[in-house]
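Novice: Structure in structure tokens, see below.
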Amino acid sequence: MDALTADDMMMFINAATTSTSQREFHGGADDQRLSLDFLHDYVIGNYRDLYAAALALDINDHNAALIVRKLLETTGDATAGQRRVEGGLIARRLRTLPPQRVYDLFRALRRARVNNRRTRAIIREWVAARPDPTFDAVKYRTALKGALRHAHVAPDGELGPFLFTSGHHPRYRTPLLETWRRAHYEQASVYELPYTVAEGFAAKHGIDRATFLKRIEPRMTRLERFRLQESARRDKAAVAVDLASMPLTRLASYVLSLPVPVRVERRGELTGALRAAAVRAAGPAAGGWGRVAAVLDDSFSASGSTQKRRRPLAVALACHYLLAELAAEYVPLWTSGRADALLARPHGMTPLGERVLDALEHAPDRLLIVSDGWDNAPYGLASEVLRLWRAKLDPERRVVAVHLNPVYDAGDFDVKRLSRSVPTVGLRDAEDVPALVEFARFTEGRTGFADLRAHFDARVAKFLQEG
Amino acid sequence: MQLDLTGLTTRAAQVWGGVRLVPLTRDEPITGLRLHDRVYGDDPAIVEVGPRTHYASYIPHGFVATWTDDDTPVATYGTQLKRGAAATGPPPHGMRLRIHRRMARRVERNRLRFLPLHVAVEGYLALHFGGPEVVWEEWSQRAIRRGLSPRVEEAYSGAEVEGLADALKHFEIHPGQCGVLVYVADALAAAFVVPHPDDYRALHATLVQDMYGELIHYYATLATPAPRFDVRLPDDVASLADLRAAAAREQAEWARFHDLAMAAGLLGESYATNRVYRMGDYTLSRFLPTFRLKEENHIGELITARDGRTAYLKTFRLSEAQIRRGHLLTTLAAHDWHLPTAANALRVTEPQLGLRLQAAGFGALLREDVLARYRAG
């Protein structure tokens with residue numbers, strides 16, 4: 001029974017780390033959504049405590065929001081003790097989620113007609129804890145309005161009339177609200193609003209895109225700058241971005257979005273930024289992993305989908321730079337055989353088996369495989385190679401081998417495994433690799449359920465303490 | 001003649017549902033013959049580096065392009081060879097298409113596209129059968145004047161073959177891949193070989209616009225997922241070198257099994273070829289099977305180099321009804337279209353053969369009064 005629970009939980013954590021209910025290379029969005037939804041229902045029905053505890057782990061925001069929603073939808077099934085723990089976890093997790101995700105969650109709760117006392121209290125507390133309610137009111141006007149109405153909360157001061165009265169607005173005393181009012185007829189005020197709000201007003205006033213981008217630039221958030229760089233360049237309006245401050249995986253995605261000639265031209269700058277981000281992500285562990293051999297998947301399936309463009313490849317590229325920092329001696333092996341990581345592009349088949357053999361020939365201390373697990377040249381070779389290697393050539397498990405999989409496989413309700421003898425864990429961002437490699441021991445089946453339970457409890461305690 | 005795939009290596013197959021795609025790679029691409037530039041269109045993804053080394057080019061059957069200044073699209077009728085890659089002007093055997101204005105607008109100007117299916121199949125089979133050569137009295141005026149053309153043959157577009165589009169979409173093209181064998185429910189549906197990997201990359205997606213026989217369509221609809229044939233390695237390994245050797249053996253074993261067992265129906269048979277055109281080192285021919293009843297029969301087009309290597313190959317698997325019709329026609333052709341001797345060879349009486357011709361859809365070829373006499377018995 002315990003072993004089964006441990007298996008189910010590992011499966012759920014892998015799914016919650018990787019799936020976003022979006023299209024993947026193999027399989028559409030509907031498959032992903034249905035599969036993930038089923039898995040959530042299964043886990044909440046059988047292991048409610050562990051399900052809630054997953055909020056404390058490195059799962060992705062989409063699944064965190066889904067867990068919160070499912071917990072609130074089924075409040076009636078929980079005991080008083082469970083509710084207290086869940087309440088703490090939910091409040092803590094909502095504080096770390098980006099606000100737009102939380103507002104989406106509130107909208108979903110409203111649409112699902114979930115309006116129990118606990119839900120209302122959680123919405124009320126989250127809204128009350130927002131650092132700048134006026135800013136939220138302007139940037140997320142409709143969403144905030146819906147949330148307040150749903151939770152029966154009356155906002156303070158001028159926010160009430162701002163949100164709930166329509167038609168003619170009188171003069172406001174709050175500066176940001178006043179700017180918003182003036183932006184309806186005065187172009188200069190548009191540039192003092194948050195970018196997303198200003199964009200709507202720019203369209204209304206028919207402001208030229210290049211001019212708009214040039215003047216709104218100081219108001220953009222870090223991600224907005226990043227996202228708009230290339231389109232701004234087309235409009236000949238430079239949007240300054242600080243590559244040095246970007247997290248590693250996001251930076252890798254950006255690099256892969258650039259055409260190859262541009263990557264060649266900016267090689268120094270891009271490599272420098274990637275290295276710097278990797279050093280930051282590695283932290284004090286840098287250089288402590290000994291000889292590391294990595295098999296990195298740049299086959300055609302690493303191109304992801306239109307919704308997750310080149311995501312698996314971006315994760316592999318980020319892992320490449322991170323592992324180079326973590327290792328004392330590092331051997332990268334791309335499936336295509338390429339040597340220049342910066343020019344990576346998804347192309348060709350996936351001869352994982354051959355590459356694993358190449359990697360083992362370097363006699364590494366650690367073997368990491370970053371791949372979606374579709375080993376097709378030929379099918380099952382990697383699995384056989386790993387099985388025989390573990391059974392015959394390395395029975396004492398001197399080498400730490402982990403398969404990191406960035407893609408959720410809807411049919412299996414899990415990430416695709418390569419072999420029973422090598423643990424597979426779901427991977428979201430390359431930054432999580434050190435934690436995941438530690439976590440992988442639970443999937444090998446050599447630790448008991450008690451260990452897993454202890455790990456969960458420790459993570460929950462730490463998570464609640466931090467906030 | 002037999003099909004010769006020397007120089008092409010069979011690689012590990014990729015399976016999606018009931019469709020198995022077996023890639024063929026060339027160690028040395030053929031550079032003397034290339035897809036005509038016009039077929040590449042303005043696709044920026046495929047850029048040729050360095051000066052051109054090839055002087056002959058080919059245009060696949062059914063390819064539609066605007067060759068002239070007057071914007072009328074022209075379809076290739078049968079695969080064609082051309083001298084010089086940059087030579088402009090429409091192909092010598094082209095069909096001018098009159099496309100309805102609204103339809104033409106929906107198609108992007110420079111996209112790689114092929115003829116609508118029904119036009120393509122009719123043309124295809126007409127290419128193979130010319131009609132009676134000796135004017136026996138039984139044949140109608142129409143058969144003599146116009147041959148069997150136009151014949152209506154039925155086939156399904158690849159888009160209608162269940163799972164094929166997905167299989168092609170998820171297929172990971174090998175570097176150096178110059179061909180593919182398409183299996184549906186492990187029945188060989190089509191073979192496709194081109195001279196150069198770049199050509200293959202350009203044409204891979206067009207396999208979904210190709211035509212497939214009725215049989216393949218049925219198989220695809222009813223098929224259960226094809227087995228993946230996962231690799232199994234023997235347990236007696238002592239070193240990594242052993243492991244590598246075992247893996248290599250396994251690969252070779254698959255290639256051998258595929259060529260000898262799975263593709264036997266295509267590669268093991270002999271074909272009657274008809275040389276269409278010869279240019280420099282390359283010969284374009286069309287081939288017909290021997291029309292063995294209730295067996296695999298493929299027709300196709302072939303370009304061979306002087307040394308016998310296959311540069312271009314495209315096949316179509318005939319359905320059962322087509323094989324029966326083909327069998328009738330070849331028997332007739334073998335007996336100079338003389339009904340009594342052909343009937344003798346088929347071990348039926350002449351009226352029976354006449355009725356069989358009618359049942360096979362060739363009734364219009366026989367004179368009306370002759371047919372009436374056969375019916376009367």
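Novice: Please state which one of A:105, A:148 is under 21 Å from residue A:86 (Cβ atoms), of a type in the set (A, V, I, L, M, F, W, C) and surrounded by 18 or more Cβ atoms within 10 Å (Cβ to Cβ). Working first, answer last.
Specialist: Details: A:148 fails: under 21 Å from residue A:86 (Cβ atoms).
One residue alone meets the criteria, A:105.
Novice: Still on this structure, please answer the following. Do any helices (runs of 4 or more DSSP H) lying entirely in the range B:152-236 carry at least 1 residues that are surrounded by fewer than 18 Cβ atoms within 10 Å (Cβ to Cβ) and touching a Phe, Trp or Tyr at 6+ places or on another chain (Cβ under 9 Å), and which ones are they?
Specialist: On the way: elements: B:164-170, B:197-203, B:214-222.
Counting at least 1 such residues, we get B:164-170, B:214-222.
Novice: Then there's this: Among what's in the range B:263-282 and is under 30 Å from residue B:331 (Cβ atoms) and surrounded by 19 or more Cβ atoms within 10 Å (Cβ to Cβ), pick the residue that is farthest from the other protein chains (Cβ to nearest Cβ).
Specialist: That would be B:271.
Novice: Looking only at the range B:328-336, decide whether some residue is over 27 Å from the mean Cα position of the chain (by Cα) and either among the charged types (D, E, K, R) or closer than 26 Å to residue B:138 by Cα (or both).
Specialist: Initial filter on the range B:328-336 (over 27 Å from the mean Cα position of the chain (by Cα)): B:335-336.
Checking which are either among the charged types (D, E, K, R) or closer than 26 Å to residue B:138 by Cα (or both) leaves us with B:335-336.
Looking for residues that are over 27 Å from the mean Cα position of the chain (by Cα) and either among the charged types (D, E, K, R) or closer than 26 Å to residue B:138 by Cα (or both), one finds at least one in the range B:328-336, hence yes.
Novice: A further question follows. Go through the residues of the range A:226-246 one by one and say whether even a single one is under 25 Å from residue A:100 (Cβ atoms), at pLDDT 90 or above and within 25 Å of the chain's Cα centre (by Cα).
Specialist: No, the range A:226-246 contains no residue that is under 25 Å from residue A:100 (Cβ atoms), at pLDDT 90 or above and within 25 Å of the chain's Cα centre (by Cα).
Novice: Taking the conditions exactly as written (at negative phi, crowded, with 16+ Cβ neighbours inside 10 Å and without any contact (Cβ under 8 Å) to a residue 24 or more places away in the chain), does residue A:266 satisfy them or not?
Specialist: On the way: at negative phi: yes; crowded, with 16+ Cβ neighbours inside 10 Å: yes; without any contact (Cβ under 8 Å) to a residue 24 or more places away in the chain: yes.
Yes: the conditions hold for residue A:266.
Residues are listed down the side, and each one gets a yes or a no for (1) at pLDDT below 85; (2) closer than 10 Å to residue B:161 by Cα:
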residue: B:196; (1), (2): no, no
residue: B:199; (1), (2): no, no
residue: B:204; (1), (2): no, no
residue: B:209; (1), (2): yes, no
residue: B:214; (1), (2): yes, yes
residue: B:227; (1), (2): no, no
residue: B:230; (1), (2): no, no
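Novice: Here's a follow-up. In the range A:163-197, what residues are among the aromatic types (Phe, Trp, Tyr) and part of a helix (DSSP H, G or I)? Quick ask: steps written out before the conclusion?
Specialist: First pass over the range A:163-197, keeping only residues among the aromatic types (Phe, Trp, Tyr): A:164, A:172, A:180, A:185, A:191, A:195.
If the condition is that a residue be among the aromatic types (Phe, Trp, Tyr) and part of a helix (DSSP H, G or I), then A:164, A:180, A:195 are the ones that fit.
Novice: Regarding residue A:114, is this residue β-branched (Val, Ile, Thr) and in a loop (DSSP other than H, G, I, E, B)? Spell out how you get there, then give the answer.
Specialist: Values: β-branched (Val, Ile, Thr): yes; in a loop (DSSP other than H, G, I, E, B): yes.
Criteria met by residue A:114.
Novice: Taking the condition in contact with a strand residue (DSSP E or B) (Cβ under 9 Å, 6 or more places away or on another chain), farther than 20 Å from residue B:249 by Cα and away from chain B (no Cβ under 14 Å), does residue A:407 pass?
Specialist: It is false that residue A:407 is in contact with a strand residue (DSSP E or B) (Cβ under 9 Å, 6 or more places away or on another chain), farther than 20 Å from residue B:249 by Cα and away from chain B (no Cβ under 14 Å).
Novice: Quick check on my filter: what residues within the range B:220-236 are at the interface with chain A (Cβ under 8 Å from one of its Cβ atoms), in contact with a helix residue (DSSP H, G or I) (Cβ under 9 Å, 6 or more places away or on another chain) and closer than 19 Å to residue B:181 by Cβ? First the steps, then the outcome.
Specialist: Within the range B:220-236, the first condition is being at the interface with chain A (Cβ under 8 Å from one of its Cβ atoms), and the residues that meet it are B:228-233, B:235.
Checking which are in contact with a helix residue (DSSP H, G or I) (Cβ under 9 Å, 6 or more places away or on another chain) leaves us with B:229-233, B:235.
Scanning the range B:220-236 gives a single hit, B:229.
Novice: Of the conditions (1) within 14 Å of chain A (Cβ to nearest Cβ); (2) part of a helix (DSSP H, G or I); (3) among the acidic types (Asp, Glu), residue B:259 fails just one. Which one is it?
Specialist: (1) is the only condition that residue B:259 fails.
Novice: Same structure, new question: What's the number of the condition residue A:347 fails, among (1) assigned to a helix (DSSP H, G or I); (2) in contact with a helix residue (DSSP H, G or I) (Cβ under 7 Å, 6 or more places away or on another chain); (3) surrounded by fewer than 23 Cβ atoms within 10 Å (Cβ to Cβ)?
Specialist: With respect to (1) assigned to a helix (DSSP H, G or I); (2) in contact with a helix residue (DSSP H, G or I) (Cβ under 7 Å, 6 or more places away or on another chain); (3) surrounded by fewer than 23 Cβ atoms within 10 Å (Cβ to Cβ), residue A:347 is out only on (1).
Novice: With the checklist (1) free of Cβ contacts under 8 Å to residues at least 40 places away in the same chain; (2) among the aromatic types (Phe, Trp, Tyr); (3) in contact with a helix residue (DSSP H, G or I) (Cβ under 7 Å, 6 or more places away or on another chain); (4) within 14 Å of another protein chain (Cβ to nearest Cβ) in hand, flag the one item residue A:334 doesn't pass.
Specialist: Residue A:334 satisfies every listed condition except (3).
Novice: Just checking, how many residues over the range B:237-251 are over 30 Å from residue B:158 (Cα atoms), assigned to a helix (DSSP H, G or I) and within 11 Å of another protein chain (Cβ to nearest Cβ)? Please lay out each step first, then the result.
Specialist: Initial filter on the range B:237-251 (over 30 Å from residue B:158 (Cα atoms)): B:237-250.
Restricting the remaining residues to those that are assigned to a helix (DSSP H, G or I) gives B:240-250.
In the following step, the residues that additionally are within 11 Å of another protein chain (Cβ to nearest Cβ) were identified as B:240-248, B:250.
So the count comes out to 10.
Novice: Also: So residue B:277 ticks every box in (1) closer than 24 Å to residue B:180 by Cβ; (2) touching a strand residue (DSSP E or B) at 6+ places or on another chain (Cβ under 8 Å); (3) modelled with pLDDT under 90 but one. Which box is left unticked?
Specialist: Against the list (1) closer than 24 Å to residue B:180 by Cβ; (2) touching a strand residue (DSSP E or B) at 6+ places or on another chain (Cβ under 8 Å); (3) modelled with pLDDT under 90, residue B:277 comes up short only on (1).
Novice: What is the one condition in (1) surrounded by fewer than 18 Cβ atoms within 10 Å (Cβ to Cβ); (2) touching a residue at least 12 places away in the same chain (Cβ under 8 Å); (3) away from chain B (no Cβ under 13 Å); (4) of a type in the set (A, V, I, L, M) that residue A:339 does not satisfy?
Specialist: (2)
Novice: Test of understanding: among B:249, B:256, which residue is basic (Lys, Arg), more than 30 Å from residue B:32 (Cα to Cα) and surrounded by fewer than 19 Cβ atoms within 10 Å (Cβ to Cβ)?
Specialist: Numbers: B:256 fails: more than 30 Å from residue B:32 (Cα to Cα).
Of the residues listed, the single one that is basic (Lys, Arg), more than 30 Å from residue B:32 (Cα to Cα) and surrounded by fewer than 19 Cβ atoms within 10 Å (Cβ to Cβ) is B:249.
Novice: Let me ask something additional. Any idea which residue in the range B:280-299 is modelled with the lowest pLDDT, counting only those that are under 22 Å from residue B:198 (Cβ atoms) and in a strand (DSSP E or B)? Working first, answer last.
Specialist: If we filter the range B:280-299 for residues that are under 22 Å from residue B:198 (Cβ atoms), which is where we start, we get B:280-282, B:284.
Among the residues that remain, those that are also in a strand (DSSP E or B) are: B:282, B:284.
Working: B:282: 84, B:284: 81.
That would be B:284.
Novice: Would a scan of the range A:318-331 turn up a residue that is more than 14 Å from chain B (Cβ to nearest Cβ), part of a strand (DSSP E or B) and within 24 Å of residue A:408 (Cβ to Cβ)?
Specialist: Start the filter on the range A:318-331 by keeping residues that are more than 14 Å from chain B (Cβ to nearest Cβ), which leaves A:318-331.
Then keep just the ones that are part of a strand (DSSP E or B); that gives A:329-331.
Now narrow it down to the ones that are within 24 Å of residue A:408 (Cβ to Cβ): none.
No, the conditions are met nowhere in the range A:318-331.
Novice: Okay, next question. For the range A:148-163, does any single residue satisfy the condition of being farther than 30 Å from residue A:122 by Cα and not acidic (Asp, Glu)?
Specialist: Kept after step one, since they are farther than 30 Å from residue A:122 by Cα, are these residues of the range A:148-163: none.
Looking for residues that are farther than 30 Å from residue A:122 by Cα and not acidic (Asp, Glu), one finds none in the range A:148-163, hence no.
Novice: Checking the conditions here, which among A:72, A:105 is in contact with a Ser or Thr (Cβ under 8 Å, 6 or more places away or on another chain), in a helix (DSSP H, G or I) and over 28 Å from residue B:16 (Cβ atoms)? Write out each step before concluding.
Specialist: Values: A:105 fails: in contact with a Ser or Thr (Cβ under 8 Å, 6 or more places away or on another chain).
From the options A:72, A:105, the qualifying one is A:72.
Novice: Pairs only if they're at least six apart or on different chains, beta carbon under 7 angstrom, first in the range B:157-173 and more than 14 Å from chain A (Cβ to nearest Cβ), second part of a loop (DSSP other than H, G, I, E, B); list them, first residue then second.
Specialist: From residues that are more than 14 Å from chain A (Cβ to nearest Cβ), the pairs are B:158/B:210.
Novice: Another question, if that's okay. How about the range B:197-219: which of its residues are touching a residue at least 40 places away in the same chain (Cβ under 8 Å) and either more than 18 Å from the chain's Cα centre (by Cα) or within 14 Å of chain A (Cβ to nearest Cβ) (or both)? Spell out the reasoning first.
Specialist: Just the residues of the range B:197-219 that are touching a residue at least 40 places away in the same chain (Cβ under 8 Å), to begin with: B:197-199, B:201-203, B:205-217, B:219.
Hits for the range B:197-219 are B:197, B:198, B:201, B:205, B:219.
The values are calculated or read from the model by the stated rules, or taken from the named source; none is laboratory data. Note that the structure is predicted; figures quoted are calculated from it, not measured. Positions of Cβ are generated from backbone atoms using ideal geometry, with glycine treated the same way; all protein chains shown enter the neighbour counts.
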